[in-house]
Amino acid sequence: MTNVDYYISEVCYNKEHTHIVKVKMHPSDNIDSSNIYTKLAVVEALEKGIVIYTMYKQNDGKWYEGAKVRVVTTTSGNKYIRTDSNSTAKDNLGDLPEFC
């Protein structure tokens, strides 16, 4: 896997399902361990230079690295976490499973 500090494996959306409120994150040196973090905590970590990628568990039970997570800030100052280069004003971490 790449030189990564943390991996995100699952997401939790608000009840309208319009944006991510929490994520399940794993330290890269112990991916079997995880903690729940707010989207704001992820944004702050990314802005401090912490490298975060998504990861997926396949049918073989192994974890596979996904895409790099980045922050997109809109002209109004709203911040979103995304894995693509689109600057659309919404969260997008691909097809990660939901935990809430």
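The values are calculated or read from the model by the stated rules, or taken from the named source; none is laboratory data. Keep in mind the model is a prediction, meaning the values are calculated, not measured. Note that we place each Cβ from the backbone using ideal geometry, even for glycine, and neighbour counts take in every protein chain shown.
Restricting the range 2-18 to residues that are within 15 Å of Val69 (Cα to Cα), in contact with a strand residue (DSSP E or B) (Cβ under 7 Å, 6 or more places away or on another chain) and of a type outside the set (D, E, K, R) leaves a set whose member that is modelled with the lowest pLDDT is Thr2. Being assigned to a loop (DSSP other than H, G, I, E, B) and not hydrophobic (A, V, I, L, M, F, W, C) holds for only one residue in Gly66, Gly94, and it is Gly94. Considered as a group, the residues in the range 13-37 that are assigned to a strand (DSSP E or B) and touching a helix residue (DSSP H, G or I) at 6+ places or on another chain (Cβ under 9 Å) include one that is surrounded by the fewest Cβ atoms within 10 Å (Cβ to Cβ), and that residue is Val21. Among the residues in the range 54-64, are any under 12 Å from the mean Cα position of the chain (by Cα) and without any contact (Cβ under 8 Å) to a residue 40 or more places away in the chain? No, every residue in the range 54-64 fails to be under 12 Å from the mean Cα position of the chain (by Cα) and without any contact (Cβ under 8 Å) to a residue 40 or more places away in the chain.
Restricting attention to the range 69-91, which residues are outside any strand (DSSP E or B) and in contact with a strand residue (DSSP E or B) (Cβ under 8 Å, 6 or more places away or on another chain)? Across the range 69-91, the qualifying residues are Val69, Thr74, Thr83, Asp84, Asn86, Ser87, Thr88, Ala89, Lys90, Asp91. When residues in the range 26-60 are screened for being farther than 22 Å from Asn78 by Cα and in contact with a strand residue (DSSP E or B) (Cβ under 8 Å, 6 or more places away or on another chain), 12 of them pass.
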